[in-house]
Structure formats: structure tokens, C-alpha cells
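Quick notes on the structure that follows.
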């Protein structure tokens, strides 16, 4: 009606008016209205420019309606457009619309009229292939093509090949296929038919034929189904069930399925996609005779883990499961559901069941395996239970090395060196020649500085694995450690024995430490000339710089000598010597090595290097991270003077760096939190906030730990309210200082609320704080910004009152 | 899914040596540089059943979901020699052909 009205309106308009309307419509892409106006204009006067405009409007409108899915209309509009351009080459878009409009006959007709060159495009080829295949089912399509068209000419051969294949006349089928040219529209179909022909006798050739099918071919869908079938995988749940019905039918035929088998397949298919496992269990139990008892039993057992309610159904078909098996299924089900407590219970029931069986090796191993399994299961917070389980499992299976290792690991996690050592000893006793055990024992002995043991383990390991570099290193360190020990007690003969062992291990003498020891031994024997020779050689080998000087000083101190005894050799660095970044880092590494070895004279050894270090911190090119690393290492070695200088220089380069502020304060306190001054405390809190803002968790933790220690040292963390002496400290609330507790619930609550507000604590956190008696550290950092957020909360008040009243006053509060 | 025993083609009561031998044979058949996926499957299967303890752990604690595909493969094939009818074959070929053509074509 709208179009008619529009046409009527156009009829009464003058030409200029119509022209203006067309321009306006085209401008606003109202092609439908433009077409009406242009048609009216052409009725009045046949003008070429109006024809051009109309043709273009038809094309544009066709695109518009195709965009709305109206392909039939799009086809008609395109054809109207084409009328103005006789001999126009059919576009792929038009062919696509024909296909989408469900007009294969017309599509074939158009394709038949196209010159061959126009169909050589990828889309053209696919369309010709589509027509060729569709024509096998729809004879009328062939009539739309010229008789000389390849599709028409070669179709009888293809039909004959298919018929021959279907009726088992393979030779005839092969002959027909051989006659199909390689560039034929049927070339992919030919490859598919060839694969079908040979698949039973020669699956490899069949796969090769299938691989020749072009990736863009419309035969690919069926080819994939046949490929899966050839690979015996067509029944794979994802592949087969996703096939369209007729392709499923083809697979049924290839499998030789009859009605019974197809029905079986469909039943399983239906049950497999059900929401629960019950229909599948029911179906498989029903059809087990056809599929085979054993495979169905295994299949159903697998279902039971996710559907243990089906156990009774299963038992009706396959006989009763043992109590052990039933518990096992329930345990696995619970594990799958993440119900580990329940799983532990079921596994424990399994253990009870095994205990009732006659004792045998298999039973013992099963028992041990279950105990190990429970021990590593998540959800048990008490590690002791897991340790007991693992230890218990060894009663049943004492040869399980993994259990010893797990026990050692647990001991390490729990920071229980005794437990670790006990199980290490047991491990090495049980596996005296096991490289893994030896390596672990060696490391542990090294940590305990039992050098003889380290050397013993290392030697055994080197016998088994002569190129084990770790064993070689540990052995060398063990001899060196022992040599130092003997040097300290002036058993020089034994020092030489150890040094001989070291020389045998490192004949090239790449490590300066043994040379230092040898030089010091010579010095103690009064052979000063020889001592100088060794010591100078060692200093040179150590690089001669700050690291060498430090190492030398350390070795002197470790040997129980005084630095002044060898002053002519010590600190012979030039006054202007500056250590660069790599040397400083090497020094830090060396300090770390001595610290790890438990040496305590680090500060004394570094004393002589202090001026050089201070100069180096000032002049070396160091990053913020370098300064931090240096500070951390020197702080670990309790070298606070050096830390102070390093932090100072670091802050000069990068002011307000939270990490360096921390180290500056730490150095001021000499590492002792109780010496923290109030001004430094506020500086630390400033650094803490800055670290938090920057997301610097490492510094954040360092500062919090230090402040916590400070809090602990003060006994309590609230400001002083009077002298505090004699005020009762509520039991179970260690975070509440006695001074505050004495204020009475009302005032104390007010104080806490203010502190919480200022600190920005949530109500939940405050409740946790009150009930757990956490440190009051958090109340120290007060900012006004969050003050307004927290209002008086009834719940907190109730909790607080309850807590305070439930704790009777007891004992005297500790004084600050 | 095949069990590790099926994958390595060994009996469920095979010894450690037999399992190792079967594993090495399979690795020669599917070396990692030629078929990485198959090799990984073989390796995983071997790791499951390499030792007595691992086999025991596999039997006690491993749960493989029910394999519907394996079950479907067991459906009897009474007449494998029978060929699909020409009509069925052509039907499978033409099924959804236009849709495939449309999906592969350019959008206007």
C-alpha cells in the first residue's frame, strides 16, 4: 500500500520536483522511494542518466534487502538492475543470493551461461561442484546446463561408478573413476569414491585418497566421516553424533548395521547426552548381552564413580561388589566432588576391610598405598595426622622411597629439623647407594657442618656417579670446612691432610680459599716466607680487589688469628680504590657464602673495607634495586654501618624510596626494633604507606615485621594513658593494654572505634581484632580520610562488651 | 579411552620388564619427532603402570570417565561386506550441500 501511495504521489509531481526527490532519496539511501520516482521520470521521458540512476538504485536496494535476509527480493532487484546492462557478467554475490534464495535451478541456469573463465574462482568452483553433486539427485538441473558442459558430459560415468560401487562391481567402478579427468567438477567426489572402494582392503590408500580432496571441497563433510570410519573412530561420541542424519545412515551402511544395531546406537546416543548417568547405566545394563559382558561391566563401574547410587543396579546385573570396592567407589566419588573429609572416611573404611582379609603382600601394599593417598589428600589441616599416616604406611611398605622423601618434605615445611634428620637418617640407612638420598643427606649434613659426614656421602655419590658436580663441590667444601676447623684448633698436620684431599679434587687450584688456609697454616708453622707466597697467590686468584681482601680477612678471623697479625698483607687496597657495581655484587655474594657457612666475624672482616665501600656507594653507578640488594645483604650480615651508608647514598639518588628508608631506620636501630625512636617510627609508617600504594609487597612485609617486633618489644601498642601500673589485663585479649582495659567498656569502646576509623578497619576486621587479640599495630597509622566512614555499630559494641565482661580481671598489667 | 595396558598392548599382570619393553617398542613405532601426540600418550600410559606401586595406584585411585566411544565400537557389525545403496551415498553427499555452499561463500 505504501508503495502504491508513493507511486500515486509521484504521478502528480512535476519533473523538477521528482528529480529533487530522487536526489534527496539517494542521498539518504532511500533507494525504494528513489526507484519509484525514477520509474515515473522514465515514463515521462526516457533519459539515459535516469536509467543509469535507476539501475544503480536497484543494485543498492538489492544489497539492502539481502542484508535483511530477503534473498528472493534481492535476486529480483539484481535482475532488474541487470536489465539496464545487457551482457553484464553475473556477480558471485548474485549467485550467492540465488543459492540462499533456494533457487538451485536458476543458479544452475546462470552458471551454465557463464563463460568458463568466470567459474574459475574459488566460489565459482564450489558452485559448479555443488551443481554437479546436486544434479546426481535432481535430474532437472542437468537440463539447465549446455550439453557440452563438463557436469553434463561426465555425470553418466559418476552415476555408473556409484552404482557399481554399491553393488560390489569394484572393477567397473574403478574403470569409471579412471575416466574422470583430474580437473573435472567431480574430481573430489572421485577421490571420495576411490577411498570408499579401497577402505576395507587398504585403509592407508583410502586415507591417501581422502587427503587428496581439496580443503574447500563440498565433499569434505562426508570425507571426514569416512576418514573417521576408516580410522575406526567414527563412533567417537563427538564425531558420529554430530553427523547429519543421512551421513549417519551412510556410516550405518558402511558398518553393516541392521535395524537392531541402529536402534542400539540411538539408545546409547540418547542416554549419553542425558543430564544424569542413570539413563546411560540403565541402557548399558539392558544391552550388555549385545555389547559384551566384560566391557559393559567396566563401563558401568566407571559410571558408578560419578553415580554411586547405581551400585545396587550394577550389582543386580553383575553380582555383588566387595565392601572394599563399594567404599572405594564412594571415596573416588567424594574426591571428585571435592568432599575430602568424606573421601578420607571411605578410604578408612577400605583400610578396615583390608585388615579383615588374610595378610599377604598385596594387602600390605594396598594398605600402604591408601594411607599414602589419604596423607597427601587436601583438606587436612593437622599435618601431624598426615605424618602419622605416612609413617604408618612404612610399616606395610617399608621400601617406598617416595614416602621417606614426603616425610622429609613435611618436616621441612613444618620447620622441624629433628623430624627431617630422623627421616633422612632412615632414608640413607634404607637406600645407602641411592643418589637422591645421598644428595639430600649431604646437603643436610653440610647445613649442620658435619663435614666428615658430608665428605662420606659425597665420596659414595662420586663412586656411583663420578661426574656429579654437586657431590664434587660438597666434598671440596667439606674438606675446606674441616681444614678451617683444624686450623682453628692448630692441628696443622690435619689441615695439610685436608688440603691434600682438596688438591686431589681441584688440582688446578681454581678456588683461592684453600690457598688462604694453606698460607695461614704456613704462617702458624712459622714459615712466613712460604705463607706470604701462598697468601699473595690466593689474593691474586681472588681477583686482588675488595672481594679478595674481604675473603682474606675472613679466613684470618676464621682461623682464630688477628687481622693485625697479617696487617702487611691485609687492606693493601689503594686509598682511591673504588669497587664498581659487579664487584660490589660479588662482595655481597661472598658475604652471603660466609654467612651461610655460619661465620660470625663478618663485621670485623669488613671493617677495613668500610671507607672504600662508602666511597664506592657514592661513586659507583648503582640502581635503586642495587642499593636495596646491597642494603639487604649487609643488613643480613648485621653490618649496620655499611647499611646506613648504603641507604644514605641510595636515598640521595632515589629520595623517599620506601625500601631504603626502612634500611636507614634499621641501621639507626642497629637492627633492634626496641630501639626505634618515635620520629623514625613515623618515617617508617610513611614508607609503609608508600610501599603499599606502590604495591611493593616485599618492602611492605619487611616494615610490618619490623613494626610488629617493635610492638612486641613494647608489650602493647596503645598510647600511654597514665602510669598504667596495676591495671588489670583482660585474659584472652592480649591486644588490649591494661591501661585501656581499665578505662571501662564505654570509654575503651569509644577509643577503639576511633582508632579503627582512623586506621580504616572494617567492622568485621575490628571484631576479628577484638576476638583474636591481634597486635594493635594497625591502630598506629592514623589518617583522617577514613574517619567518616565508620559509625557506631551495635554489633561491634555487643561483641566488645561481651568479650570484656567475659574476661575477669586477672594479674597485673605489664609496664611499658 | 584405552587403558594404559591396552595402549602399550601388555597384559594387566605384565611384569615391569615386559611393560618397559612394550613401552620402548611403542616409542620406536611413534617417536616424538614424528608423532608428538601419540608419543605423549604412550609416555603417560607408561608412567601410570611403570612399577608395581604405580600400577597399584592406578588401579586404586585412577578414574577414567566412562568411554562411550569404546562402547559404540563394540556394537556388532553383522554385514560389513554390504555396501551403502547408491541413493544413500548420494543422499549423504547432497545433505546440507546448499547450506555448506552458502557458508563457504562470500557475504554480499
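Below is a table of values for the structure above.
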| read-out | value |
| --- | --- |
| Conditions (1) outside any helix (DSSP H, G or I); (2) within 26 Å of residue A:362 (Cβ to Cβ): number failed by residue B:20 | (1) |
| Within segment A:613-654, tally of residues that are part of a loop (DSSP other than H, G, I, E, B) and under 15 Å from residue A:603 (Cα atoms) | 3 |
| Residue list for segment A:390-428, restricted to those being under 26 Å from residue A:366 (Cβ atoms) and not in a helix (DSSP H, G or I) | A:397, A:398, A:399, A:400 |
| Any hit, segment A:561-580, residues being part of a helix (DSSP H, G or I), under 52 Å from the mean Cα position of the chain (by Cα) and within 23 Å of residue A:491 (Cβ to Cβ) | no |
| Test set (1) within 14 Å of another protein chain (Cβ to nearest Cβ); (2) in a helix (DSSP H, G or I); (3) farther than 26 Å from residue A:142 by Cβ - residue A:51 fails condition number | (1) |
| Residue satisfying condition, being farther than 28 Å from residue A:92 by Cβ, more than 55 Å from the chain's Cα centre (by Cα) and crowded, with 16+ Cβ neighbours inside 10 Å, within set A:150, A:173, A:225, A:209 | A:173 |
| Matching residues, segment A:450-465, being more than 14 Å from residue A:432 (Cα to Cα) and surrounded by 22 or more Cβ atoms within 10 Å (Cβ to Cβ) | A:451, A:455 |
| Top-ranked residue in segment A:287-302 [being over 39 Å from the mean Cα position of the chain (by Cα) and at the interface with chain B (Cβ under 8 Å from one of its Cβ atoms); ranked as nearest to residue B:74 (Cα to Cα)] | A:291 |
| Tally of residues being more than 7 Å from chain B (Cβ to nearest Cβ), at pLDDT below 65 and either more than 34 Å from the chain's Cα centre (by Cα) or buried (at least 22 other Cβ atoms within 10 Å of the Cβ) (or both) across segment A:229-250 | 1 |
| Residue among A:306, A:312 that alone is within 21 Å of residue A:342 (Cβ to Cβ) and within 12 Å of chain B (Cβ to nearest Cβ) | A:306 |
| Residue among B:84, B:32, B:78, B:65 that is more than 7 Å from chain A (Cβ to nearest Cβ), part of a loop (DSSP other than H, G, I, E, B) and on the phi < 0 side of the Ramachandran plot | B:32 |
| Sole exception among (1) surrounded by fewer than 16 Cβ atoms within 10 Å (Cβ to Cβ); (2) within 44 Å of the chain's Cα centre (by Cα) for residue A:267, by number | (1) |
| Failed condition for residue A:284, given (1) farther than 14 Å from residue B:72 by Cα; (2) within 9 Å of chain B (Cβ to nearest Cβ); (3) modelled with pLDDT of 85 or more | (1) |
| Flag for residue B:50 being within 14 Å of another protein chain (Cβ to nearest Cβ), exposed (fewer than 13 other Cβ atoms within 10 Å of the Cβ), touching a helix residue (DSSP H, G or I) at 6+ places or on another chain (Cβ under 9 Å) and closer than 30 Å to residue A:364 by Cβ | no |
| Filter result (within 30 Å of the chain's Cα centre (by Cα), facing another protein chain (nearest Cβ under 10 Å) and buried (at least 19 other Cβ atoms within 10 Å of the Cβ)) within segment A:378-402 | none |
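A quick yes/no check of all residues on (1) closer than 20 Å to residue A:636 by Cβ; (2) modelled with pLDDT of 85 or more; (3) in contact with a strand residue (DSSP E or B) (Cβ under 9 Å, 6 or more places away or on another chain):
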position: A:665; (1), (2), (3): yes, yes, no
position: A:670; (1), (2), (3): yes, yes, no
position: A:679; (1), (2), (3): no, no, no
position: A:682; (1), (2), (3): no, no, no
position: A:690; (1), (2), (3): no, yes, no
position: A:700; (1), (2), (3): yes, yes, no
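The values are calculated or read from the model by the stated rules, or taken from the named source; none is laboratory data. This structure is a prediction, so every number in the text was calculated from the model and none was measured. Glycine also receives a Cβ, built like all others from the backbone with ideal geometry; neighbour counts cover every protein chain displayed.
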